[in-house]
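One structure below.
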Amino acid sequence: MSPPSPDTPGADPLDLVIFGGAGDLSIRKLLPALYMAHLHDNLPADTRIVPVGRQPFSRDEFLKMVADKVVPFIDPDTLDTAAWQAFLARLHYVQLDATQADGYAALADALRKNSDRVYYLATAPSLFTDICAHLSAAGLVDARSRVVLEKPLGHDLASARAINEQVGQHFDESRIFRIDHYLGKETVQNLMVLRFGNTIFEPLWRGPAIRSVQITVAESVGVGSRAGFYDDTGALRDMLQNHLLQLLCIVAMEPPVSLDPDAVRDEKLKVLRSLRPMSPADVARDTVRGQYGPGAVAGERVAGYLQEDRVPEGSDTETFVAVKAHINNWRWANVPFFLRTGKRMAERVSEIVIEFADLPFTLFPDAPRKSVNRLLIRLQPEEHVQLQMMAKVPGSGMRLQPVSLDLDLQSALSGRRAEAYERLLIDVIRGRLTHFMRRDELEAAWSWVEPIIEGWQALNERPKSYAAGTWGPAASSALMAREGSTWLEES
């Protein structure tokens, strides 16, 4: 049975329970997103939001915390007094230690008997299986219940499989929403339309017309208050295993037969299973681990990773990773995919660069020796698509210069642009699985990433140092140079 649409007459009430309801993710992302969904009438009318946490808040104390800490993450132009008060009326805090089974009776008392239920686990993945088991034992899981699992899901393939197996004992696969907020970004979803809604690119969307693909997710911030979590995780598990591989799948997948969730996810799975496995020699040659040292970001001096609070002395956790990947199928044979992510880099930017092949012969002796034909898909901070090509400079002679055709999605398309978490939460409420990972997708991603982890352990080398405020270790540029390519900012 599919969950009802919010505008379905007679729809059952919804209780949306957030474990970790007073935590960082809830404060910065989930509650602001739910307020925006409420503001724009995208929540079922009889929806209650039930944050759950260990803190001994009374309801009034929790609402004060929301006013103090959540409001700064909401666009002030959207704060309507009446709408905000109506949103607060939906909130019902429950104190609960998620690890203790006897506390779930209080949650059962707080939930309505006839409600649809969404359980959002905004907690450490180590708690996922206990929470699901305790919910089930308390009689709080039925055929209509859904669960949302935050990334990273597991620490390796074995732990990911264990979580999937144990959560699957209580929730059917069709009721498990493994969330990756990058899949909720407007431009990522627009990439599907760019590829499959137009005839222009499809004949060229393959090797040898494409010579390489770059995918970068760069952050200018450091680890901040997440150091405790981050030092056990690192950039590979935190970002590449999920965000970057999902972007790679959308770039590389074959056209699905429909937008049915399984049709789309079947094609993404084929890409993950076609990734060329990494041998120890491949790991040594085609991956780069880095760790930021002291430097300057936006003109301000910042500490290195080892000087951050709660980072163990001598930690060898990577804050940067670059990988050259290959996809073993006919469309992408011999086309390298360069994946890069890091903290304390020169800019906050997420982008995909499709670099087209060089001309086989040029009529213009003064033209650049290498092609400048690129398709740049920028995901953040601004969202736009840019096609770079050559044009003649006005005047006599045939002097050429690179120019760009720009599509500024924010100005070209009318309508409100919902933030990624808002869009994905609405999908959960409406039961739409297309933009969530299926179990076999997750495990296929871990199967490809795990040999990299094992290869690094065998090499037993410290991450290469890079100064905060730069684009990572020099070895990352060398990785590209061996293929005759450069990262976009070095072009």
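The values are calculated or read from the model by the stated rules, or taken from the named source; none is laboratory data. Keep in mind that what you see is a predicted model, and the values were worked out from it rather than measured. Please note: Cβ atoms are built from the backbone with ideal geometry, for glycine as well, and neighbour counts cover all protein chains shown. In case anyone asks, the SASA skips ligands and DNA or RNA and just uses the protein heavy atoms, side chains included. Shrake-Rupley method; radii C 1.70, N 1.55, O 1.52, S 1.80 Å.
Here are some notes:
- Note on region 149-205: with charges restricted to the Cβ of Lys and Arg (+1) and Asp and Glu (-1), its dipole about the Cα centre is near 80 debye.
- Between Val393 and Gln169, residue separation times 0.36 nm minus the direct Cα-Cα distance comes to 74.1 nm.
- Approximating the spin labels as points 7 Å out from Cα along Cα→Cβ, the Ala106-to-Ala83 distance works out to 3.3 nm.
- Ordering Leu34, Leu79, Tyr120 by Cα displacement along the dipole of region 1-148 toward the positive end leaves Tyr120 in first place; charges were set at the Cβ atoms of Lys, Arg (+1) and Asp, Glu (-1).
- Protein accessible area in region 60-164, 1.4 Å probe - carbon and sulfur %: 53
- Across region 205-215, coupling constants 3J(HN,Hα) worked out from phi with the 6.51/-1.76/1.60 Karplus curve, θ = phi - 60°, read 7, 4, x, x, 5, 9, 8, 6, 10, 10, 10 Hz, and Gly and Pro carry x.
- Whole-angstrom gap from region 43-61 to region 73-135, using each part's C-alpha centre: 5
- 13 Å beta-carbon shell around Arg462, net charge (K/R +1, D/E -1): -1
- Here the dipole of the chain is about 960 debye; that uses its Cα centre as origin and unit charges on the Cβ of Lys and Arg (positive) and Asp and Glu (negative).
- The chymotrypsin sites (Phe, Trp or Tyr not before Pro) of region 254-363 meeting both criteria, a DSSP state outside H, G, I, E and B (loop) and at most 11 other C-beta atoms within 10 angstrom of the site's C-beta, are Trp330, Phe361.
- Spatially proximal lysines relative to Lys268 (Cα-Cα < 21 Å; intrachain offsets below 8 disregarded): Lys151, Lys185, Lys324
- The chain: calculated mean residue ellipticity at 222 nm from DSSP helix runs of at least 4, using -39500 (n - 2.57): -8500 deg cm²/dmol
- Annotation: amide H-H contacts under 5 Å for Leu91 (H modelled 1.01 Å from N, sequence separation of 5 or more, or interchain): Ile49.
- Cα-based shape type of region 336-491, given that a ≥ b ≥ c are square roots of the gyration tensor eigenvalues and the cut on a/c is 1.5: oblate
- Spatially proximal lysines relative to Lys64 (Cα-Cα < 20 Å; intrachain offsets below 8 disregarded): Lys29
- Per-residue SASA entry for Asp156, accessible area with 1.4 Å probe, Å² rounded to 10: 50
- Å² per residue, accessible surface of region 199-245 at 1.4 Å: 33
- Of the GluC sites (Glu not before Pro) found in region 419-463, the ones in coil according to DSSP and having at most 16 other Cβ atoms within 10 Å of their Cβ are Glu461.
- Within the chain, DSSP assigns beta bridges of which about 55% are antiparallel (rounded to the nearest 5).
- Cα Rg, Dmax (largest Cα-Cα span) when computed across region 60-121, Å: 14.6, 43
- Sites Ala481 and Phe196, calculated FRET efficiency, Cβ-Cβ separation with R0 41 Å, nearest 0.05: 0.75
- Positive contributions from Lys and Arg (+1) and negative ones from Asp and Glu (-1), summed over other residues with Cβ under 14 Å from the Cβ of Phe73, come out at -3.
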